[in-house]
Every structure is written in structure tokens, then in C-alpha cells.
Amino acid sequence: SAVISQKPSRDICQRGTSLTIQCQVDSQVTMMFWYRQQPGQSLTLIATANQGSEATYESGFVIDKFPISRPNLTFSTLTVSNMSPEDSSIYLCSVETRVGTDTQYFGPGTRLTVL
Amino acid sequence: QKEVEQNSGPLSVPEGAIASLNCTYSDRGSQSFFWYRQYSGKSPELIMFIYSNGDKEDGRFTAQLNKASQYVSLLIRDSQPSDSATYLCAVSEGGGSEKLVFGKGTKLTVNP
């Protein structure tokens, strides 16, 4: 596995503002993913963060709302833009440490509350 | 649409009993199957993965896969109160995709 950290661990934000969440891994990984977990729900994939190119978004998620950067093989950011209370959720990054295994490990998550 | 189904529970078992968690999936092309444990307020933790039909054992945990029936299960032997958590089943999308599809999870409570 890998050691994955996320910052911030939690935040309370005002409607209309934006928050950038950072995900740092202690080793180089090819695949990084961003998920959302709404209260009492399972995980929903937002996008795959691709190093050196634009992220690949899942149906229902768009770049203008959730811009993602992946400048290198150990770091990625997810921005939640123009937030509304419906964006209140836990945001998780995950990594696949061995290509082709589909095995993902999760960071500790960022708990976001939008007022 | 690819789906992963789990009983939401809650599943309640006494300490020392066997807990049985079940999962079915819709995509016959799926090749990899995972069980994650998620404690309240924490992120998912990978506890088991299985790729081939049959059983895979790791300590008190046994994962069982039946691709013909599109069914995967997790058995927890000698259940402990510390096993109380939500268990998420995840299945690879197949077709070379690295993505996982998650079930909604089964909440397990182990009573002392």
C-alpha cells in the first residue's frame, strides 16, 4: 500500500466560495482517483486524475465545478467550485499502487460542510 | 448501468459468531473484487481482494467468489466488537478500466 494524506481534513465553507483539497502520496503512482461520499451513502467516483493531461470525469461531474490538477505522480488537487449546501460531503482521493491490479487505497478524506 | 448490490443491513451478530456479508454484481466482464471496511467517520480500508473463483482466506476473513452466479461474499469468523463497521463491496468495471464500482455497504454490528 501507500501512505496517503489529504489536506484539509475538514472545513466549513460559505455558499458560493471554492475549496481546494490536496492529496499527497509517499510514492509515485500512476492512477489517482477522486470520490465523493455523501452522508449515509456509498462512494461515487468523480474523476480519474491523469498526470500531465486533463482529468477524466464521470457522468454528472464537470470540470467547471470540480477542476482537478495532477502535476506529478505523487500529488493531485480537487477544487469544489461555487459551492452550495448540496456539496456537503466527504471527498476522498484514492491511488492504485500496482498498475493493472485495480486495487485502490484511500486517503483519510476531507469532510466538507457548506453553509 | 453497472451495479453492485449489497444488503444494507444492519446485520447484527453475537461476539464469536460468523458474520456473512453478500454482494452481487451485474457486469460479467468484472475481473477483480474487493471488500473494504469503513468505520464511522473514517475512510474505507481494504481488507480483502479476490480475482479467481473459490475461496481466499486471510486470518479471520474469507472471501468467496462465484463468477457464474456473479456473487461475492465475505465471511468473518470469530466476530469481534471491533469488526463493527460498514463493509463495502467493490467490483472492477472490466474491459481494461481501472475503475471500481461500489455497493452501498452493509452495516455490521457485533454484540459483546
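The values are calculated or read from the model by the stated rules, or taken from the named source; none is laboratory data. Small disclaimer: the values here were computed from a predicted structure and weren't measured. Glycine gets a Cβ as well: all are built from the backbone with ideal geometry, and neighbour counts include every protein chain shown. With ligands, DNA and RNA removed, areas are computed over all heavy atoms of the protein, side chains included. Shrake-Rupley method; radii C 1.70, N 1.55, O 1.52, S 1.80 Å.
Summary of values
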quantity: Accessible area of the range B:1-97 divided out per residue, in Å², using a probe of 1.4 angstrom; calculated: 48
quantity: Other-chain or far-sequence residues with amide H under 5 Å of B:Ala85's (modelled H); calculated: B:Leu108
quantity: Percentage relative contact order, chain A, counting C-alpha pairs under 8 Å, at least six apart; calculated: 36
quantity: Carbon and sulfur %, accessible surface of the range A:1-88 computed with the full protein complex present, 1.4 Å; calculated: 46
quantity: Loss of accessible area when B meets A, both sides summed, Å² nearest 100, probe 1.4 Å; calculated: 1600
quantity: Threshold 40 Å², the range A:99-115 residues less accessible with all protein chains present than alone (1.4 Å probe); calculated: A:Asp102, A:Thr103, A:Gln104, A:Phe106
quantity: For chain A, built as a Gaussian network whose Cα springs stay under 10 Å, the top-fluctuating residue of A:Ser94, A:Ser69, A:Ser53; calculated: A:Ser53
quantity: Residue with peak Gaussian network fluctuation, chain A [Cα springs, cutoff 10 Å], from A:Thr77, A:Thr20, A:Thr101; calculated: A:Thr101
quantity: Nonlocal amide H pairs with B:Ser32, under 5 Å, H built at 1.01 Å; calculated: B:Ser92
quantity: Sum of side-chain charges, A:Gly40 neighbourhood, beta-carbon under 11 Å (Lys, Arg +1; Asp, Glu -1); calculated: +2
quantity: Label-point gap, in nm, between A:Asp11 and B:Lys42 - each point 7 angstrom along Cα→Cβ; calculated: 2.6
quantity: Per chain A, cysteines lacking a partner by the 4.7 Å Cβ criterion; calculated: A:Cys13
quantity: Fluctuation leader among A:Val95, A:Val80, A:Val62 - chain A, Gaussian network, Cα springs under 10 angstrom; calculated: A:Val62
quantity: The range B:78-112-the range A:63-77 distance, computed between alpha-carbon centres (Å); calculated: 27
quantity: Reachable lysines from B:Lys99, criterion Cα separation under 20 angstrom, eight or more residues apart if same chain; calculated: B:Lys2, B:Lys67
quantity: Solvent-accessible area per residue, Å², over the range A:5-115 with all protein chains present [probe radius 1.4 Å]; calculated: 46
